[in-house]
Amino acid sequence: MTAPHPLDNPVRSSLAGPHARFAERRGHVLRYPADVSPFLALPDQPDATDWADVAALVGPGALVALAGVRAPAPEGWEVTVIGEGVQLVDHQVQAAADGEAVRLGPDDVPEMLALADRTKPGPFLPRTVELGSYLGIRRGGALVAMAGERLHPPGWTEISAVCTDEAWRGLGFASRLMRTLVAGIRARGETAFLHAVADNPAVGLYEALGFRLRRSTVFSAARVPADQPAE
């Protein structure tokens, strides 16, 4: 039997592997702390016990983010499909370090949260910066672009939170940051990958940079029934 590819269930591969230090577990269900990432990982073929463990882990009425989960939720759960997505992997990115890319850390989080709030690159929370290396470009002292590392399945690192302030778009900042991140990921002997909603115009940019489609996926959110018994 062929072992599943780490990117087929990347949240689970991350939390069971390099990101195990973040994992909150109930049975076969894993999740990140709520202030790190909203993602929760189910087994490849979740059963009723797994969904019950989700409810016990996050509590009645809670909303959990799911990536790549197409299995139907139990009756009474509200599931919202955020969008069909794509998973892209580094194929021939022209990776290169950029002298203007500065490393971002805990002291930069207020600016990072503000930039993410303005540009909406996807979930970015107060402790997301702990997941990996985050880089930014500043102008006049202000953070105007950033990108960083999120999921970390064995041998792979996801690039995420790629965003540029509206006033500074069109100058190639995102591409420069992504090339710098890919250079660092390759230096560790790993391969970069990323996710995007399928109709995001940025997918064309990623492909032009040298990323290649690996598979389609889906992003969804599931809400635990409010009357689900708490344990």
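The values are calculated or read from the model by the stated rules, or taken from the named source; none is laboratory data. Remember, predicted model here, so these are calculated numbers, not experimental data. A quick note on method: Cβ atoms are made from the backbone with ideal geometry, for glycine too, and the neighbour counts reach across all protein chains shown. Accessible surface is based on the protein model in full, side chains and every heavy atom, while ligands, DNA and RNA are left aside. Shrake-Rupley method; radii C 1.70, N 1.55, O 1.52, S 1.80 Å.
Numbers below:
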item: Carbon and sulfur %, accessible surface of the range 1-153 computed with the full protein complex present, 1.4 Å; result: 52
item: Farthest positive-ward along the chain dipole, Cα basis, beta-carbon charges - from LEU88, ALA16, SER175; result: SER175
item: Residue of ALA183, ALA97, ALA142 that the Gaussian network model of the chain assigns the largest fluctuation, springs spanning Cα pairs under 10 Å; result: ALA142
item: Between 0 and 90°, nearest 10: helix 109-119 axis offset from the chain longest Cα axis; result: 90
item: Net charge dipole size for the chain [Lys, Arg +1 and Asp, Glu -1 on Cβ; Debye, nearest 20]; result: 660
item: Computed [θ] at 222 nm, helices only, for the chain once each DSSP H run of length n ≥ 4 contributes -39500 (n - 2.57); result: -6500 deg cm²/dmol
item: Rg/Rg_ref, the range 119-200, where Rg_ref = 2.2 N^0.38 Å and atoms are Cα; result: 1.08
item: Rg and Dmax of the range 82-171, Cα atoms only, in Å; result: 13.4, 38
item: Packing-based order for 23-34, 111-122, using average beta carbon neighbours within 10 Å, highest first; result: 23-34, 111-122
item: Convex hull of Cα atoms in the chain, direction-averaged projection (nm²); result: 13.2
item: Share, in percent, of DSSP beta bridges within the range 1-144 that are antiparallel, nearest 5; result: 90
